[in-house]
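Here's the structure we're looking at; comments come further down.
The values are calculated or read from the model by the stated rules, or taken from the named source; none is laboratory data. Just so it is clear, the model here is predicted, and its values are computed rather than measured. In this analysis, Cβ positions are derived from the backbone assuming ideal geometry, glycine residues included, and neighbour counts consider all displayed protein chains.
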Amino acid sequence: MESSRYDVLIVGAGLTGAVIAYRAREAGLRALVIDKRPHIAGNVYTEEVEGINVHRYGAHIFHTSDRPTWEFVNRFAEFNGYVNSPIANYHGEIYNLPFNMNTFSKMWGVATPDEARAKIEEQRAAANIDEPQNLEEQALKLVGRDIFEKLIKGYTEKQWGRDCTELPASIIKRLPCRFIYDNNYFNDRFQGIPVGGYTKLVQRMLAGTEVLLDTTYRDFEAEHPDTAAQVVYCGPIDEFYGYDLGQLEYRSLRFETEVLDTPNYQGVAVVNYTDRETPWTRIIEHKHFEFGTQERTVVTREYPADWHPGDEPYYAVTDDRNRALYEKYLARANEQGKVVFAGRLGEYRYYDMDKAIIAAQKVADHVFARAVALKDDAK
Ligand code: UDP
């Protein structure tokens, strides 16, 4: 460490921490970034295997409709023209995602939007749902029984470890449903994968900022108390407070990655396995994110997993109990003032990357206004 005094200590070298560190440098503030992992980039970390950028903590596809955010990320990397068009595999039957005319035509042999709407309407009427009370009812209302049974039910129950009748309708609202022949998974204006991988992008954001890896906040604080007047903490808020109000719940994931001696295993980057019996939810073939032409390929099977303390927390389980508990921790943080919680874990939210960046920019605005004021006071 260069000196014992920094304006901001940022805990977490992932996307959120890196954006805040970059903004600190821009504002002329001294930031120190620490991360408990042996590498930067958090869950967007990519590492090269067989010349292919492998997304070690799950596939990340950048997409946004916010032009300033698109321009912001393009400062750090060139984005390729990848468009996400995943495939669903239901007991070997193949469908296009998201739900669109290609899906409907394969499911029912229909050809026109009117025919597809009529089919969904017929199944919707049979389900007789006005105000959906849970994910199952929401799905039946949106796309009818066939699509629910083949493309939603099994996948969702594997993913969340609960019955679709016990899950909030909001989860399924993320998925587009459209009556045109268009397999683009996202409705956003801008989309792509950073050429060279996400690690490089984050590295560029962090250029010129001091980063300590393999360093937990607890150990660091014990050795260097009060290193900075302000702390931005991108880890779980309940962990920060020693779980003394109770534990927040998460869903976890397990990844199995293998190198295969074939140039093209599944013909697309993402295949969702939507039946209940296949134990994984999806297989990622990483080279297709970057139109790779390597002789071999790397695939990752993604298995949903219950979360126990010590496991990687991937998804917040934002039901009423957890929300209320989070609010209690947050109230304490706001009272104490010195630590700001940021990012997917700190804010206990599901964030797409663009939303994480937008939120990080807001945290930076807020924290740096204070940091500059503290600096002026000290003069
Ligand atoms: N989903 C589904 N079938 C699919 C893909 C997604 O039913 O083939 C549902 C599932 O409930 C999932 C949610 O849509 O949790 C959001 O999926 P998405 O792929 O957008 O989320 P990700 O896990 O990739 O962030």
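A few remarks follow.
- Taking segment 1-36 as the range and being assigned to a loop (DSSP other than H, G, I, E, B) and under 19 Å from the mean Cα position of the chain (by Cα) as the test, the residues that pass are Gly12, Ala13, Gly14, Asp35.
- Spans of strands (runs of 3 or more DSSP E) in segment 37-121 with at least 2 residues free of Cβ contacts under 8 Å to residues at least 60 places away in the same chain: 93-96
- Count of residues meeting criterion [touching a residue at least 40 places away in the same chain (Cβ under 8 Å) and within 11 Å of the ligand (Cβ to nearest atom)] in segment 173-198: 4
- When the residues of segment 78-116 are filtered to those that are among the aliphatic types (A, V, I, L, M) and within 28 Å of the chain's Cα centre (by Cα), the one that is farthest from Gln266 (Cα to Cα) is Met101.
- When residues of segment 277-311 are limited to those that are within 16 Å of the ligand (Cβ to nearest atom) and exposed (fewer than 13 other Cβ atoms within 10 Å of the Cβ), the one nearest to Tyr250 (Cα to Cα): Asp306
- Under the condition of being exposed (fewer than 15 other Cβ atoms within 10 Å of the Cβ) and among the hydroxyl-bearing types (Ser, Thr, Tyr), the residues counted in segment 103-149 number 1.
- Unmet requirement for Ile283, which otherwise passes all of (1) over 18 Å from the mean Cα position of the chain (by Cα); (2) free of Cβ contacts under 8 Å to residues at least 40 places away in the same chain: (1)
- Answer from Ile61, Ile20 - the residue that is surrounded by 17 or more Cβ atoms within 10 Å (Cβ to Cβ), closer than 26 Å to Arg370 by Cα and among the hydrophobic types (A, V, I, L, M, F, W, C): Ile20
- Given (1) in a helix (DSSP H, G or I); (2) closer than 30 Å to Gln361 by Cα; (3) within 16 Å of the ligand (Cβ to nearest atom); (4) modelled with pLDDT of 95 or more, number of the condition Ser170 does not satisfy: (4)
- Among the numbered conditions (1) of a type in the set (Phe, Trp, Tyr); (2) away from the ligand (no atom under 11 Å from the Cβ); (3) closer than 30 Å to Gly192 by Cα, the only one that Trp108 does not meet is (3).
- Among the residues of segment 237-261, those identified as within 15 Å of the chain's Cα centre (by Cα) and either farther than 27 Å from Glu48 by Cβ or among the small types (Gly, Ala, Ser) (or both) are Tyr250, Arg251, Ser252.
- Candidate set from segment 123-167 (those that are assigned to a helix (DSSP H, G or I), of a type in the set (A, V, I, L, M) and within 12 Å of the ligand (Cβ to nearest atom)); member that is modelled with the lowest pLDDT: Leu142
- Of residues in segment 333-362 being within 19 Å of Thr227 (Cβ to Cβ), in contact (Cβ under 8 Å) with a residue 60 or more places away in the chain and assigned to a helix (DSSP H, G or I), the one farthest from the ligand (Cβ to nearest atom): Ala333
- Contacts under 6 angstrom Cβ, first residue in segment 243-268 being under 17 Å from Glu290 (Cβ atoms), partner among the basic types (Lys, Arg) and in a loop (DSSP other than H, G, I, E, B), 6 or more apart: Val259/Arg296
- Residue check, Arg251 within 13 Å of the ligand (Cβ to nearest atom), at pLDDT below 95, closer than 25 Å to Tyr185 by Cα and out of contact with any His (no Cβ under 7 Å at 6 or more places or on another chain): yes
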